[in-house]
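In what follows, a structure is listed as structure tokens, so that the remarks can point back to it.
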Amino acid sequence: MDGILQSLGVIFSFSGLAVLIIGALLGIVIGALPGLGPSIGLSLLIPFTYNLGPELSMLMMISLYTSAEYGGSISAILLSTPGTAAAAATAIDGYAMARKGRANEAISISLTASTVGGVFGGLALLLLAMPLASLALKFGPAGYFAVGVFGLTSVAALSGGSLIKGLVCAAFGLALATIGIDPIAGTPRFTFGLFELYEGVPFLAALIGLFAVSEALVMIENRVAAAPVIKDKVGHVFMSGALWKETWRSMLSGSVIGTLLGILPGVGGNIACWVARDYARARDPHPEEFGKGSANGIAAPEASNNATVGGALVPLLALGVPGSPTTAIMVGALIMHGLHPGPQLFTEAPSLVYAILFGTIIASLVQYAAGSLFLPLMARVMRLPDAVIAVGIMAFAVLGAFAIRNLMFDVYLMLGFGVVGYLMKKLRFPVAPIVLAMVLGYLVESNYRTALVSSQGDYMIFITDPVSLLFLVLSLVSLLTPLWRRLQKRRVRQVDVDETANGTAR
Amino acid sequence: MTNQASAVSGSNLSPASGGEATHKHFWQNLVAACLSIAWNASFLILSLALPAGHSRGDVGPGSLPMQVSVFGLIVSAVYLVQVLRGIDLGGSSERIDVPRVLGLLGLFVAVALSANWIGLALCLGIGTGVATLLFPGEKPFIRAIATGVGFWAIAYGLFGKLLELPLP
């Protein structure tokens, strides 16, 4: 109870509300700028939140994360360029509606649906995280090891088109995670005598390089032609009663879909938005309107991508396993404050946990207020020249990397990771598996070795422990499902080719 | 991203037929696969040099790195085989704008290197101002001065003074 009161005290204090508002404004701007997204925004923000303390720092990050998911829809609607991947489905009906002179209406649906989705996801987090965490507290090291392995299998979902490239990246990330003093014996590994590497590769420096610097380098190459901006005046964002009546079902279905998919490792808003849109179209009495500016075509994906925020935080808080790059970055923030995410956080830092639980809901409401009040300003921010955005990213990356430990070594390392990230983007390697592997590497190794020490070297502990067995089986299923699907697709394609060939022969 | 459909079966050790882009992807992926194998092989050698564990049942500090590098070698080998079989695993079809990319990167490396002599805030101001000149646009010099002064003010005022970051 004390934890709840303390957390509410923090949230509703002047500083609490201030960080929520700043986070929301930054999130909307970062989400609205095409190419940037919550991962880049958070990686640049984290180093500067160190002085705020863990509660305020997490509130600011959740607020940014939530609002960036909404912000992506602004450029999707006004420029037909989704600010984030999760707003891709919104661009279809949003831009179509805007071209009909209803940009204001499209943004009002997007903001309202995002808020509804965010609140729904937050409530789901509030209800699910605690029971799951109390269950997880009973897990032994073998169980935790298997949970970590299960988290790593989301690499399959985060790999994009090529699973093998995703696995290569995961191996690279795991290798990086083993650099530094080892967690059981205390032996320095792969440090080459550099004391800066004794605590391991600084996770935030790697993140900033891989996500932010690489994006700035990509940005300098792309000479973007002027986008066909919708010049409608964007003012109020309140939805009419008729629109509420038309869209509430899509908002609800989108929220449920987003929350459930958000909980699954590796599945985020970028997948949820399409699933929610398809589901809404299947249930809509006028499916032919989809693609031509349907209100439900905006409401469903927007509710779903914001609901994934609450969903994605469930495994993070309950099991300590991030299911997406953005939540992996949040792990980095907790580590920076000397905390490790997982069920033990409920007893070690209850006020922080409740601040996250309640903060997720409040952040959605703050996003609504900030989105309503500052929308005309946000529409102008989208016109910032690429030059200013790219050098801004580089400048904040340098300052952020330095702020982590006040070492210039981290700045050099960050720039190095920036080059790696840039080359990876060019060669179509997914960056997310590296980040996930770096976060989960410690969890996997420390529990793997502790389990073996406790079983005196008997590997059967991973099979005899029921939790471990369950998660190892789930990991296998999670890894093999995409392969099975790919084989199925190839078989269907082969059947089609055969049928076409037979038809031609006749 | 990845065009599995354009996969060409067979074991021909040459890029798949499918245009210039596929040809480029072949060489890019071939180099990437070789680099990946080299990285994992070096990591394996370094892992094998680590001492054994002291506690009963402990597999030692080198065990997981060794397993990770073996896993990395296996997936890299599969990657290489896929590339050599002519499967288009995607890559960059456009030429890299080397002067611009290296220019931006070089500028910020210079910023980092000179920070200890003339101060990070000033370096960032100069660096960001010059960096904007790498981008096309109207009134480049006014934009460069405005950006440079703006970022110097942010670094010095906001981070140096307000957030008390001990900037070099």
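The values are calculated or read from the model by the stated rules, or taken from the named source; none is laboratory data. None of these values were measured; they are calculated from a predicted model. Here the Cβ is made from the backbone with ideal geometry for all residues, glycine too, and neighbour counts use every protein chain on show. Ligands, DNA and RNA are excluded from the accessible area calculation, which covers all protein heavy atoms including side chains. Shrake-Rupley method; radii C 1.70, N 1.55, O 1.52, S 1.80 Å.
Filter the range A:348-362 down to the residues that are open to solvent by 20 Å² or more (accessible area, probe 1.4 Å) and either touching a residue at least 40 places away in the same chain (Cβ under 8 Å) or touching a strand residue (DSSP E or B) at 6+ places or on another chain (Cβ under 9 Å) (or both) and list them by number. Show your work before the answer.
In the first step, residues of the range A:348-362 are kept if they are open to solvent by 20 Å² or more (accessible area, probe 1.4 Å); the result is A:348, A:350, A:354, A:358, A:361-362.
Correct list: A:Pro350, A:Tyr354, A:Phe358, A:Ile361, A:Ile362.
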Return the residues of the range B:56-73 that are open to solvent by 60 Å² or more (accessible area, probe 1.4 Å) and closer than 17 Å to A:Leu452 by Cβ; say none if nothing qualifies. B:Arg56, B:Met66, B:Gln67
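Among the residues in the range A:376-395, are any more than 9 Å from every other protein chain (Cβ to nearest Cβ), without any contact (Cβ under 8 Å) to a residue 24 or more places away in the chain and out of contact with any Lys or Arg (no Cβ under 6 Å at 6 or more places or on another chain)? Full working, then the answer.
Going through the range A:376-395, the residues more than 9 Å from every other protein chain (Cβ to nearest Cβ) turn out to be A:376-384, A:389, A:393.
Within this subset, residues satisfying the condition of being without any contact (Cβ under 8 Å) to a residue 24 or more places away in the chain are A:377, A:380.
If we keep only those that are out of contact with any Lys or Arg (no Cβ under 6 Å at 6 or more places or on another chain) as well, we get A:377, A:380.
The answer is yes; a qualifying residue exists.
Name the helices (runs of 4 or more DSSP H) wholly within the range A:17-110 that hold at least 2 residues that are aromatic (Phe, Trp, Tyr) and either modelled with pLDDT of 85 or more or open to solvent by less than 10 Å² (accessible area, probe 1.4 Å) (or both)?
Working: elements: A:38-45, A:54-79, A:88-99.
So the answer is A:54-79.
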Which numbered condition in (1) within 28 Å of A:Pro430 (Cα to Cα); (2) more than 9 Å from chain A (Cβ to nearest Cβ); (3) under 21 Å from the mean Cα position of the chain (by Cα) is the only one that B:Ala110 fails? (1)
B:Ser114: passes all of (1) surrounded by 18 or more Cβ atoms within 10 Å (Cβ to Cβ); (2) among the hydroxyl-bearing types (Ser, Thr, Tyr); (3) at pLDDT 90 or above but (1)
Count - residues of the range B:129-163 that are open to solvent by 30 Å² or more (accessible area, probe 1.4 Å), touching a residue at least 24 places away in the same chain (Cβ under 8 Å) and closer than 20 Å to A:Asn222 by Cα: 1
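Can you tell me which residue in the range B:1-36 is nearest to A:Leu174 (Cα to Cα), limited to those that are at pLDDT 80 or above and open to solvent by 50 Å² or more (accessible area, probe 1.4 Å)? Walk me through it before giving the result.
The initial filter retains those residues of the range B:1-36 that are at pLDDT 80 or above, namely B:25-36.
Filter once more, keeping what is open to solvent by 50 Å² or more (accessible area, probe 1.4 Å): B:27, B:31, B:34-35.
Working: B:Trp27: 26, B:Val31: 21, B:Cys34: 19, B:Leu35: 17 Å.
Looking at residues that are at pLDDT 80 or above and open to solvent by 50 Å² or more (accessible area, probe 1.4 Å), I get B:Leu35.
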Is it true that A:Leu415 is under 23 Å from A:Met330 (Cα atoms), within 14 Å of chain B (Cβ to nearest Cβ) and open to solvent by less than 30 Å² (accessible area, probe 1.4 Å)? yes
Exactly one of A:Ile329, A:Ile335 is over 19 Å from A:Ser67 (Cα atoms) and out of contact with any Gly (no Cβ under 9 Å at 6 or more places or on another chain), and that one is A:Ile335
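Determine if the range B:121-128 includes at least one residue that is open to solvent by 20 Å² or more (accessible area, probe 1.4 Å), over 18 Å from B:Arg100 (Cβ atoms) and within 8 Å of chain A (Cβ to nearest Cβ).
Of all residues in the range B:121-128, those open to solvent by 20 Å² or more (accessible area, probe 1.4 Å) come to B:122, B:126.
Now restrict to residues that are over 18 Å from B:Arg100 (Cβ atoms): B:122, B:126.
Filter once more, so that each one left must be within 8 Å of chain A (Cβ to nearest Cβ): none.
No, there is no match, as no residue in the range B:121-128 is open to solvent by 20 Å² or more (accessible area, probe 1.4 Å), over 18 Å from B:Arg100 (Cβ atoms) and within 8 Å of chain A (Cβ to nearest Cβ).
Restrict the check to the range A:163-173 and report whether at least one residue is at pLDDT below 85 and within 13 Å of chain B (Cβ to nearest Cβ).
Within the range A:163-173, the first condition is being at pLDDT below 85, and the residues that meet it are A:163.
Checking the rest, the ones that are also within 13 Å of chain B (Cβ to nearest Cβ) come to A:163.
Checking the range A:163-173: at least one residue is at pLDDT below 85 and within 13 Å of chain B (Cβ to nearest Cβ).
For the range A:420-445, which residues satisfy the criterion of being among the small types (Gly, Ala, Ser) and over 15 Å from A:Glu221 (Cβ atoms)? Reasoning before the result, please.
Applying the first criterion (among the small types (Gly, Ala, Ser)) to the range A:420-445 yields A:421, A:432, A:437, A:441.
Within the range A:420-445, A:Ala432, A:Ala437, A:Gly441 qualify.
Condition (residue is part of a helix (DSSP H, G or I), open to solvent by less than 20 Å² (accessible area, probe 1.4 Å), farther than 30 Å from A:Asn222 by Cβ and not small (Gly, Ala, Ser)) applied to the range B:81-96: is it met by at least one residue? Walk me through how you get there before you give the answer.
As a first pass, look at the range B:81-96 and keep what is part of a helix (DSSP H, G or I): B:81-84.
Filter once more, keeping what is open to solvent by less than 20 Å² (accessible area, probe 1.4 Å): B:83.
Still in the list and also farther than 30 Å from A:Asn222 by Cβ: none.
No, there is no match, as no residue in the range B:81-96 is part of a helix (DSSP H, G or I), open to solvent by less than 20 Å² (accessible area, probe 1.4 Å), farther than 30 Å from A:Asn222 by Cβ and not small (Gly, Ala, Ser).
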With the requirement that a residue be assigned to a loop (DSSP other than H, G, I, E, B), open to solvent by 60 Å² or more (accessible area, probe 1.4 Å) and under 18 Å from B:Ser69 (Cβ atoms), what does the range B:41-55 give you? B:Ala49, B:Pro51, B:Ala52
What do you reckon, is A:Phe346 aromatic (Phe, Trp, Tyr) and within 14 Å of another protein chain (Cβ to nearest Cβ)? no
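Report yes if A:Gly71 is under 21 Å from A:Ala312 (Cα atoms) and touching a Phe, Trp or Tyr at 6+ places or on another chain (Cβ under 8 Å), otherwise no. Break it down into steps so the answer makes sense when it comes.
Working: under 21 Å from A:Ala312 (Cα atoms): yes; touching a Phe, Trp or Tyr at 6+ places or on another chain (Cβ under 8 Å): no.
Taking the combined requirement at face value, the residue does not satisfy it.
What number of residues in the range A:447-475 are open to solvent by 20 Å² or more (accessible area, probe 1.4 Å) and within 14 Å of chain B (Cβ to nearest Cβ)? Talk me through it step by step, then tell me what you get.
Our first condition is that a residue be open to solvent by 20 Å² or more (accessible area, probe 1.4 Å); within the range A:447-475, this holds for A:447, A:450, A:453-461, A:463-467, A:469-474.
From what's left, within 14 Å of chain B (Cβ to nearest Cβ): A:447, A:450, A:453-461.
Qualifying residue count for the region: 11.
Pick from A:Leu375, A:Leu365, A:Leu443: which is over 30 Å from A:Val168 (Cβ atoms), part of a helix (DSSP H, G or I) and either open to solvent by 10 Å² or more (accessible area, probe 1.4 Å) or of a type in the set (Phe, Trp, Tyr) (or both)?
Values: A:Leu375 fails: either open to solvent by 10 Å² or more (accessible area, probe 1.4 Å) or of a type in the set (Phe, Trp, Tyr) (or both); A:Leu443 fails: over 30 Å from A:Val168 (Cβ atoms).
None of the others qualify; the one that does is A:Leu365.
Answer with yes or no whether B:Leu104 is assigned to a helix (DSSP H, G or I), facing chain A (nearest Cβ under 8 Å), farther than 22 Å from A:Lys165 by Cβ and in contact with a helix residue (DSSP H, G or I) (Cβ under 8 Å, 6 or more places away or on another chain). Break it down stepwise before answering.
Working: assigned to a helix (DSSP H, G or I): yes; facing chain A (nearest Cβ under 8 Å): yes; farther than 22 Å from A:Lys165 by Cβ: yes; in contact with a helix residue (DSSP H, G or I) (Cβ under 8 Å, 6 or more places away or on another chain): yes.
The answer is yes for B:Leu104.
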Looking at B:Ser76 and the list (1) under 21 Å from A:Cys169 (Cβ atoms); (2) surrounded by 17 or more Cβ atoms within 10 Å (Cβ to Cβ); (3) more than 7 Å from chain A (Cβ to nearest Cβ), which single condition is not satisfied? (3)
Sole miss for A:Ala91 among (1) in contact (Cβ under 8 Å) with a residue 24 or more places away in the chain; (2) over 19 Å from the mean Cα position of the chain (by Cα) is condition (1)
Failed condition for A:Glu199, given (1) under 30 Å from A:Val398 (Cα atoms); (2) open to solvent by 50 Å² or more (accessible area, probe 1.4 Å); (3) at pLDDT below 85, with all others met? (3)
